[in-house]
Amino acid sequence: MLLQRLIRRPLMLALVLVPLSCAWAQPQQQQRIPRPAAPAASAVPVPVSATARKVYERARSQLLQIRTLLKNQDSQASVGSGFLVSSEGHIVTNYHVISQVALEPERYRLQYETTDGRQGQLELLDFDVRRDLALLRADPAKLQATGALSFRAKEQPLSKGDRIYSMGNPHDVAFAVVEGTYNGLVERSFDPLIYYSGSINSGMSGGPVVDEEGRVVGINVSAMFFAQQMSFLVPAEFAQALFERSRGAKAIKSAAWPRLKDQLMAYQDELSKRFMEQPWRAAGHARYTLPVPQEQFFRCWGRGTPADTKGLEFQRSQCRMDHAVFISGGMQTGYLDMSHEAYDGRKLGAIRFSRQYSASFRNERLGRDDKDRTAPYCREEFVDQGGLPLRAVVCLRAYRKLDGLHDLSILVTTVDAKTEGALGRFDAKGVSFDNALKLTSHYLGGFGWAAKPR
């Protein structure tokens, strides 16, 4: 098979990857969620209700600021929020808040600060990188906390429009409560994510969102760039499951790359399987069938040249997952991205069309060697897909510290006509070699004739 032989020949090209934005605990950085999403954007403060004040007063002794400090000094590397879930000192926050400690424990350490200014050390027990959650523990004797926040039962779902209350320490200024509205789950998200109409700001990552009775319904995780009060929460059920599963775990003392790899391997298996179970949608092209995914966990956008274009005409479709998995401040993975462009160059003639068509193929960037991934190893061949001749390039980049995971890139172009053609690209971030094989076959199978010319 094409991909099975790709390791023979390295091809050095530069990759352009547009990372998905996400709400990140460190000032001026971003982390987690759809491409439009980012660390919670600032908003004009609004007055809170009497209920919000009561909710905050009831929960304030369970709220914490979570700080990542340099190992041998008190300089902050990042800040986030968290909350107590047991009298034994168990604390829930986001994985991205503590990722530096998880990956480089020799360089960083964790510290909490309470709403009344007391401080202490924290240890990392476990994390769920897929849902961006982490479980920490403080010494309960030193913490001197009273009580813990409880989780709202899964059997008591919220209704759209219910008032809920987000808490945390925005921008390392002061602890705060933000009143907002539950708006159900985000549509076309691979994993469940709550859409919250409220202003979550940087530094609130990992803080609790509670109902009017003070029960946790979600965990702050991200917000939408250039939007008013569009924020996102991890459903509380995942935090509760992490707590119950790992409350008795021993502290993680060494770099957590092996644990991270195991979680990502399980995740990419599920993602690949669910994606390949779905049939392709029709692209609507008169000449070719082109692979367009179902929109169960993709968002697709299209554009094209005006009808009166005098030169090269094209139509473009791009489909991308909103969901990505945050690994570190410089790396996200675990998502699929694909696009195609259909060209009509009959107004140009064969020679001019060939030049522009070939340039489009050459302009695709496939990556280079960096600190996280190897250079791409590629294989190029001509493929017969049901009688339709294709030129295909398949590339893998291996993760340096996540053995067995790769970034897959596939470029495909039709080569059957002098003045018409289609170019497709598929990217899968963080997949196993076996799944890269299967995804390559699945993607190539999406090309064919819509109406074969005589």
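The values are calculated or read from the model by the stated rules, or taken from the named source; none is laboratory data. Just so it is clear, the model here is predicted, and its values are computed rather than measured. Glycine gets a Cβ as well: all are built from the backbone with ideal geometry, and neighbour counts include every protein chain shown.
Summary table below
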| quantity | calculated |
| --- | --- |
| Candidate set from segment 291-310 (those that are exposed (fewer than 12 other Cβ atoms within 10 Å of the Cβ) and over 30 Å from the mean Cα position of the chain (by Cα)); member that is nearest to LEU408 (Cα to Cα) | PRO306 |
| Residue under evaluation THR68, criteria (1) touching a residue at least 24 places away in the same chain (Cβ under 8 Å); (2) among the hydroxyl-bearing types (Ser, Thr, Tyr); (3) over 30 Å from PHE190 (Cβ atoms), criterion not met | (3) |
| Scan of segment 64-101 for residues that are among the small types (Gly, Ala, Ser), modelled with pLDDT of 95 or more and either buried (at least 24 other Cβ atoms within 10 Å of the Cβ) or in a strand (DSSP E or B) (or both), ordered by number | GLY80, SER81, GLY82, SER99 |
| Condition met for LEU388 (over 29 Å from the mean Cα position of the chain (by Cα), of a type outside the set (Lys, Arg) and surrounded by 15 or more Cβ atoms within 10 Å (Cβ to Cβ)) | yes |
| Qualifying residues in segment 209-232 (those that are in contact with a helix residue (DSSP H, G or I) (Cβ under 7 Å, 6 or more places away or on another chain) and outside any strand (DSSP E or B)) - the one surrounded by the fewest Cβ atoms within 10 Å (Cβ to Cβ) | GLU212 |
| Some residue of segment 429-443 being crowded, with 23+ Cβ neighbours inside 10 Å and on the phi > 0 side of the Ramachandran plot | yes |
| Subset of segment 253-290 [part of a loop (DSSP other than H, G, I, E, B), surrounded by 19 or more Cβ atoms within 10 Å (Cβ to Cβ) and either at pLDDT 95 or above or of a type in the set (Phe, Trp, Tyr) (or both)] | ALA256, LEU290 |
| ASP262 vs. criteria within 26 Å of LEU402 (Cα to Cα) and of a type in the set (Asp, Glu) | yes |
| Criterion violated by THR414 - all others in (1) of a type in the set (Ser, Thr, Tyr); (2) surrounded by 19 or more Cβ atoms within 10 Å (Cβ to Cβ); (3) under 31 Å from the mean Cα position of the chain (by Cα) satisfied | (3) |
| Evaluation of VAL383 against (1) among the aliphatic types (A, V, I, L, M); (2) in contact with a helix residue (DSSP H, G or I) (Cβ under 9 Å, 6 or more places away or on another chain); (3) crowded, with 17+ Cβ neighbours inside 10 Å (one fails), failing number | (3) |
| Qualifying positions in segment 179-208 - among the aromatic types (Phe, Trp, Tyr) and surrounded by fewer than 20 Cβ atoms within 10 Å (Cβ to Cβ) | TYR195 |
| Checking ALA249 against (1) assigned to a loop (DSSP other than H, G, I, E, B); (2) out of contact with any Pro (no Cβ under 9 Å at 6 or more places or on another chain); (3) not assigned by TED's automatic domain parsing to the domain that holds ALA134, the condition it does not meet | (3) |
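Residues are listed down the side, and each one gets a yes or a no for (1) under 30 Å from PRO279 (Cβ atoms); (2) of a type in the set (Ser, Thr, Tyr); (3) not assigned by TED's automatic domain parsing to the domain that holds GLN294:
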position	(1), (2), (3)
ASP372	no, no, no
LEU390	yes, no, no
LEU396	yes, no, no
THR419	no, yes, no
ALA422	yes, no, no
VAL431	yes, no, no
LYS438	yes, no, no
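Yes/no per residue for (1) surrounded by fewer than 21 Cβ atoms within 10 Å (Cβ to Cβ); (2) under 30 Å from ARG259 (Cβ atoms); (3) among the basic types (Lys, Arg):
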residue: ARG355; (1), (2), (3): yes, no, yes
residue: ARG362; (1), (2), (3): yes, no, yes
residue: GLY367; (1), (2), (3): no, yes, no
residue: CYS395; (1), (2), (3): no, yes, no
residue: ALA398; (1), (2), (3): yes, yes, no
residue: PRO453; (1), (2), (3): yes, no, no
